[in-house]
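The values are calculated or read from the model by the stated rules, or taken from the named source; none is laboratory data. Note that this is a predicted model, so its numbers are computed, not measured. Reconstructed Cβ throughout: ideal geometry from the backbone, glycine too, with neighbour counts over all protein chains shown.
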Amino acid sequence: MGRVSDRSCIVTGAARGIGRAIGEALLDEGADVCFADINGPLVEQVAAANAERAAKAGGKVIWAAVDVANRDQVRAMIDKTVAAFGKLDVKFNNAGVNKPMNFLDVTEENWNFIMRINGLGCLIGMQEAAKQFIRQKTPGKIVNTASVASRQGFDNVAPYCASKWGVVSLTQSGARDLAKHDITVTGFAPGVVATEMWEEVDRDLMEIGAAQRPGQAMEEFSAEILKGRVATPADITGTTTFLASKDSDYMTGQIVMIDGGMTLV
């Protein structure tokens with residue numbers, strides 16, 4: 001039996017990067033997993049690629065196309081998961097976006113784009129998962145993806161930092177309100193992780209003049225990491241599987257830093 005056998009989980013932002021790694025690690029430990037992403041064709045491919053992995057560990061895998069800031073689509077995703085797996089036990093609110101801009105150049109459009117997905121999307125995901133747990137009359141777990149940027153502001157990604165500080169606040173607020181329903185709310189805060197999103201951020205920083213060559217941004221952000229290297233998605237999943245398992249049942253309202261010692265709080 002795996003650590004999350006017989007648990008039904010949803011992971012958003014699961015078509016690539018950290019989200020995909022979270023889902024695959026859950027499958028390896030016996031969970032049923034819905035891989036969800038706004039990119040429907042890609043997340044469908046990811047789910048198909050993981051069918052054998054799921055069967056090997058005794059779980060099942062499905063996929064859902066979802067805009068996490070669209071409440072109707074979030075509800076449909078949860079309904080699809082419950083129809084396939086019989087229940088929902090764990091909801092990972094992992095989907096997120098970033099679009100660097102120099103502080104004085106940040107526009108309302110940039111702010112609203114990031115806040116809609118990272119902030120409102122997290123809130124809706126928490127609310128709708130909690131409502132499902134309450135309907136089931138079962139305990140539940142909500143796990144939110146924060147960031148090292150939730151603990152320190154950076155000049156070229158101010159809206160992203162603000163959105164991830166918001167995730168921390170939502171985690172604490174949700175934990176306080178939902179405890180009476182036996183629902184825990186936790187989160188984790190990655191640092192610099194070698195994913196497609198970081199590659200995009202690297203290009204964006206060069207476009208706005210905040211970096212002069214490929215890889216410079218990652219090198220500079222990584223300079224203070226005590227572990228001496230950037231993370232891979234596999235460095236994150238030990239913690240995320242723990243947060244989905246019974247081993248974390250007495251944790252709520254907490255954000256676990258997984259940044260290699262980049263920020264000590």
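What the table below lists for this structure:
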read-out	value
Residue list for the stretch 1-18, filter: more than 17 Å from residue 81 (Cα to Cα) and either buried (at least 24 other Cβ atoms within 10 Å of the Cβ) or free of Cβ contacts under 8 Å to residues at least 24 places away in the same chain (or both)	18
Pair list, Cβ under 6 Å, 6 or more apart: the stretch 239-253 residue at positive phi, other residue at pLDDT 95 or above	253/172; 253/175
Test: residue in the stretch 105-114 that is surrounded by fewer than 23 Cβ atoms within 10 Å (Cβ to Cβ), in contact with an Asp or Glu (Cβ under 6 Å, 6 or more places away or on another chain), outside any helix (DSSP H, G or I) and modelled with pLDDT of 95 or more	no
Subset of the stretch 52-83 [more than 18 Å from residue 40 (Cα to Cα) and either crowded, with 24+ Cβ neighbours inside 10 Å or in contact (Cβ under 8 Å) with a residue 24 or more places away in the chain (or both)]	53, 54, 57, 58, 59, 60, 82
Candidate set from the stretch 25-41 (those that are in contact (Cβ under 8 Å) with a residue 12 or more places away in the chain and surrounded by fewer than 17 Cβ atoms within 10 Å (Cβ to Cβ)); member that is farthest from residue 117 (Cα to Cα)	40
Elements of type helices (runs of 4 or more DSSP H) contained in the stretch 150-265, each with 1 or more residues being buried (at least 16 other Cβ atoms within 10 Å of the Cβ) and among the small types (Gly, Ala, Ser)	158-178, 216-222, 234-244
